[in-house]
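Q: Supplied in structure tokens, the structure appears directly below.
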Amino acid sequence: MQLFYNSGITERTEQFSFPKEESKHIVKVLRKNVGDTLHITNGNGWLFTAEISIPNINKCMATVVSKSLQPKRDYHLHLAVAPTKMNDRYEWFLEKATEIGIDSITPIICDHSERKIIKPERFERILQSAMKQSLNCYLPKLNDAISFKAFFNQDFDGDLFIAHCEETDRKSLKQELNAKQNITILIGPEGDFSLKEIELALQNDFIPVTLGETRLRTETAAIVASHSVAFINEL
């Protein structure tokens, strides 16, 4: 099955059109014609089956013939990850975390961050592509980039963790994780969190954890954290 994404479709939609670029792909590349079936999601859990009514390369029209709401995971995973120096490494993290299973991402700007500006439009495209590739009907939410200090100006729900490399008292993340729990995990930049940032997280009830014996890159640490949460919820 090939999955398409259209954020404008709702459960009440009967007919809709694809944008020009996607219309061209459907008609010229995939060679779809009248009556051919397409599968579409709006990123909010709905899976729509539609039939092409007008295979126009500029505005392909389709009619919804069936729809279903996909079951949602019984936990919510929020990763707050510092942008990496090389942008493509962060994009790799977004892609793989979406495939594994993640609900929201917040880029956090830290004391040791070398990159302080991100391109949310490109990140959104990466998330959409990974969602379609993995046949997932829920699009992860990309939050605005925010300073580490400002990140704590919100109410948190569930289990809270900060992964860092300082030689202090840290617990193993895999031993601290509980299934079917909402989880927020902080992952720092290449230079790790500063001591001041770690202390601020502890003051806000975040549990210090380690992801293993080796020192991991930011994007690798984020993937390890994502997989650990997914794995504990599959048992």
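Q: Output the residue which, of all residues in the stretch 125-143 that are charged (D, E, K, R) and within 12 Å of G43 (Cα to Cα), is farthest from the chain's Cα centre (by Cα).
A: Within the stretch 125-143, the match that is farthest from the chain's Cα centre (by Cα) is K132.
Q: Would you mind finding the one in D103, D88 that is modelled with pLDDT of 95 or more, charged (D, E, K, R) and out of contact with any Cys (no Cβ under 9 Å at 6 or more places or on another chain)?
A: D103
Q: In the stretch 1-19, which residue that is of a type in the set (G, A, S) and surrounded by fewer than 17 Cβ atoms within 10 Å (Cβ to Cβ) is farthest from T41 (Cα to Cα)? Explain how you work it out, then say what you get.
A: Taking the stretch 1-19 as the starting set, the residues that turn out to be of a type in the set (G, A, S) are 7-8, 17.
When the remaining residues are screened for being surrounded by fewer than 17 Cβ atoms within 10 Å (Cβ to Cβ), the result is 7-8.
Values: S7: 8, G8: 10 Å.
This residue is G8.
Q: Condition test on L177, is it closer than 22 Å to H112 by Cα and among the aliphatic types (A, V, I, L, M)?
A: So L177 fails the test.
Q: Next up: If a residue must be open to solvent by 40 Å² or more (accessible area, probe 1.4 Å), without any contact (Cβ under 8 Å) to a residue 60 or more places away in the chain and within 15 Å of I162 (Cα to Cα), how many such residues does the stretch 176-211 contain?
A: Residues flagged as open to solvent by 40 Å² or more (accessible area, probe 1.4 Å), without any contact (Cβ under 8 Å) to a residue 60 or more places away in the chain and within 15 Å of I162 (Cα to Cα) within the stretch 176-211 amount to 10.
Q: Additional query: Might you check whether a residue that is closer than 30 Å to T49 by Cα and under 19 Å from the mean Cα position of the chain (by Cα) occurs anywhere in the stretch 149-163?
A: The answer is no, given that none of the residues of the stretch 149-163 is closer than 30 Å to T49 by Cα and under 19 Å from the mean Cα position of the chain (by Cα).
Q: Here are some conditions: (1) open to solvent by less than 50 Å² (accessible area, probe 1.4 Å); (2) in contact with an Asp or Glu (Cβ under 9 Å, 6 or more places away or on another chain); (3) among the charged types (D, E, K, R). E22 meets all but one. Which one does it not meet?
A: Tallying (1) open to solvent by less than 50 Å² (accessible area, probe 1.4 Å); (2) in contact with an Asp or Glu (Cβ under 9 Å, 6 or more places away or on another chain); (3) among the charged types (D, E, K, R), E22 fails exactly one: (2).
Q: With respect to the numbered conditions (1) within 29 Å of I187 (Cα to Cα); (2) modelled with pLDDT under 95, which one is the sole condition not fulfilled by I57?
A: Going through (1) within 29 Å of I187 (Cα to Cα); (2) modelled with pLDDT under 95 one by one, I57 breaks only (1).
Q: Could you run through the stretch 142-166 and say how many residues are surrounded by 15 or more Cβ atoms within 10 Å (Cβ to Cβ) and in a helix (DSSP H, G or I)?
A: So the count comes out to 2.
Q: Out of curiosity, is N178 closer than 30 Å to E22 by Cβ, out of contact with any Ser or Thr (no Cβ under 6 Å at 6 or more places or on another chain), not charged (D, E, K, R) and not in a helix (DSSP H, G or I)?
A: no
The values are calculated or read from the model by the stated rules, or taken from the named source; none is laboratory data. Just so it is clear, the model here is predicted, and its values are computed rather than measured. Every residue, glycine as well, gets a Cβ built from its backbone with ideal geometry; the counts of neighbours run over all protein chains shown. Quick note on the areas: whole protein, heavy atoms, side chains included, nothing else; ligands and nucleic acids left out. Shrake-Rupley method; radii C 1.70, N 1.55, O 1.52, S 1.80 Å.
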